Amino acid sequence: MVKFTQSATGQADIRKIWQLYVDTASWSRWDKSVKAVCLAGPFAEGTQGVMEMQAGPSLPFRLSELVEGQSFTVTAALGPLTVSFGHLLQAEAAGLTITHSVEVQGGDEAQMGAIGQSIAAGLADCLQNLLTMAGDL
């Protein structure tokens, strides 16, 4: 297993960021690698959906973990690999810290590392986009 994590702290309302997560139609606005997202039910643990990527295949996924207003994890299979995308919100004295992570399991270390690193390359931009968008709501 390999895991990549990126965090950013800013003056944003946790409820506004959560609203951007729940509104899956907005995901392409804060994550430029995503073209569209369709959920087959509510934004709740266990709900399945499809994430259409700007480059590459559409990915069936599942909301595998969810703590309302605080965190959620999206899990997708890429052949023999399982990729989990974590999203965590933490209110702190310095502001709101948003942490996104990418965890890859099921392959050899080099393959998992390459895929994880490729996906993780966009995490910082996603975090900044979320902080900026939350200020616009």
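Quick note: the coordinates plus some simple rules give every number you see, no bench work behind them. These numbers come from a predicted model, not from an experiment. Cβ: placed from backbone, ideal geometry, glycine included. Neighbour counts: every protein chain shown.
Can you work out the PRE-style zone for Ala114? Point 7 Å along Cα to Cβ, and I want the residues of segment 29-61 with backbone N under 19 Å. The answer is 55-57, whose backbone nitrogens lie closer than 19 Å to the label point. Relative to one another, the C-alpha centroids of segment 89-137 and segment 27-59 are positioned 15 Å apart.
One chain, two ends: Ile14 and Ser71. Fully extended at 0.36 nm per residue, the span grows by 19.4 nm beyond their Cα-Cα distance. Here Lys32 is the anchor, and the aspartates and glutamates within straight C-alpha reach of less than 14 Å, apart from those fewer than 8 places off in the same chain, are Glu52, Asp125.
Within the straight-line cut-off of under 12 Å between alpha carbons, the aspartates and glutamates reachable from Lys3 are Glu103, Glu109, sequence neighbours fewer than 8 places apart in one chain being disregarded.
Per q in 0.10, 0.13, 0.15 1/Å, what log10 I(q)/I(0) does a Debye calculation on the alpha-carbon atoms of the chain return? Listed by q, the Debye log ratios stand at -0.30, -0.52, -0.70. By the helix-only formula, in which each DSSP H run with n ≥ 4 contributes -39500 (n - 2.57) and the sum is divided by residues, the chain has a 222 nm mean residue ellipticity of -8500 deg cm²/dmol. In a DSSP loop and with at most 12 other Cβ atoms within 10 Å, the GluC sites (Glu not before Pro) in segment 40-74 are Glu68. Helix screen, the chain: DSSP H segments with Cα axial length of 15 Å or more and mean Kyte-Doolittle hydropathy at least 0.5 are 123-136.
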